[in-house]
Amino acid sequence: MGRTHALSGAVLGLAVCAAVPPPPALVPVVVLVCALAAFAPDLDHPSSTATRALPPVTWLLCRLIRWLSRLLTGVSHRGFSHSPVFAAGIGLLAWWATAFVVPGDTAVWTGVAAGAGCWIGAIGDELTSAGNRFAFWPLARIRWPDVLRFRTGGRGEHVVVALLAVTGVGLVTGSWAW
């Protein structure tokens with residue numbers, strides 16, 4: 001799911017930039033942050049790309065998030081870190097951390113991109129055959145119809161990647177008007 005997470009985050013970043021244009025210099029920042037933040041929900045799995053990214057820091061984060069998730073939702077994987085509450089927290093943390101380094105609009109856009117990217121990663125996991133019942137938690141526990149689900153690494157994921165790629169090209173070239 002790694003490429004799918006990154007691609008869905010990047011396409012969402014492009015869509016956000018098309019809908020609410022940031023200063024032109026920030027477009028690559030928004031797209032990159034969105035793409036990277038799409039990996040954040042999987043910090044709750046010991047063998048995920050996100051957990052293996054910066055050992056031992058991300059390994060410790062994984063342990064903390066798993067503990068917190070088990071405490072709040074009763075499950076350690078695809079629980080709290082796969083919720084909009086967690087995504088909002090990631091967005092606020094990114095905004096706060098960026099504000100120390102770069103003042104102004106950059107911090108706001110970084111926070112929005114991080115939160116949106118994190119949530120799109122959780123929603124992407126909801127579309128897999130394993131699902132994610134916390135993608136809209138605590139507001140609702142929604143399970144999407146099986147017909148919309150795909151097996152990770154299977155034909156369905158390849159279709160999703162192709163659709164995301166076409167959407168991304170359309171957004172980059174401006175061939176889809178908003």
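Take region 73-95 and flag every residue that is surrounded by fewer than 17 Cβ atoms within 10 Å (Cβ to Cβ) and over 16 Å from the mean Cα position of the chain (by Cα). 74, 75 - these are the residues of region 73-95 that are surrounded by fewer than 17 Cβ atoms within 10 Å (Cβ to Cβ) and over 16 Å from the mean Cα position of the chain (by Cα). Sub-6 Å Cβ pairs linking a first residue in region 89-105 that is within 16 Å of residue 43 (Cα to Cα) to a second residue that is of a type in the set (Ser, Thr, Tyr), at least 6 apart or interchain, are 94/110, ordered by first then second residue. Of the listed requirements (1) in a helix (DSSP H, G or I); (2) crowded, with 21+ Cβ neighbours inside 10 Å, residue 50 misses just one: (1). Modelled with pLDDT of 90 or more and among the hydrophobic types (A, V, I, L, M, F, W, C): is that true of residue 96 in this structure? Judged against the criteria, residue 96 is a match.
Residue check: residue 43 meets all listed conditions (1) of a type in the set (A, V, I, L, M, F, W, C); (2) modelled with pLDDT under 90; (3) surrounded by fewer than 19 Cβ atoms within 10 Å (Cβ to Cβ); (4) assigned to a helix (DSSP H, G or I) but one, namely (3).
Scanning region 144-157 finds one or more residues that are assigned to a loop (DSSP other than H, G, I, E, B), among the polar types (S, T, N, Q) and at pLDDT below 75.
State yes or no: is residue 16 open to solvent by 10 Å² or more (accessible area, probe 1.4 Å) and touching a residue at least 24 places away in the same chain (Cβ under 8 Å)? The answer is yes for residue 16.
The values are calculated or read from the model by the stated rules, or taken from the named source; none is laboratory data. The shown structure was predicted, so the numbers you read here are calculated from the model rather than taken from an experiment. Every residue, glycine as well, gets a Cβ built from its backbone with ideal geometry; the counts of neighbours run over all protein chains shown. In case anyone asks, the SASA skips ligands and DNA or RNA and just uses the protein heavy atoms, side chains included. Shrake-Rupley method; radii C 1.70, N 1.55, O 1.52, S 1.80 Å.
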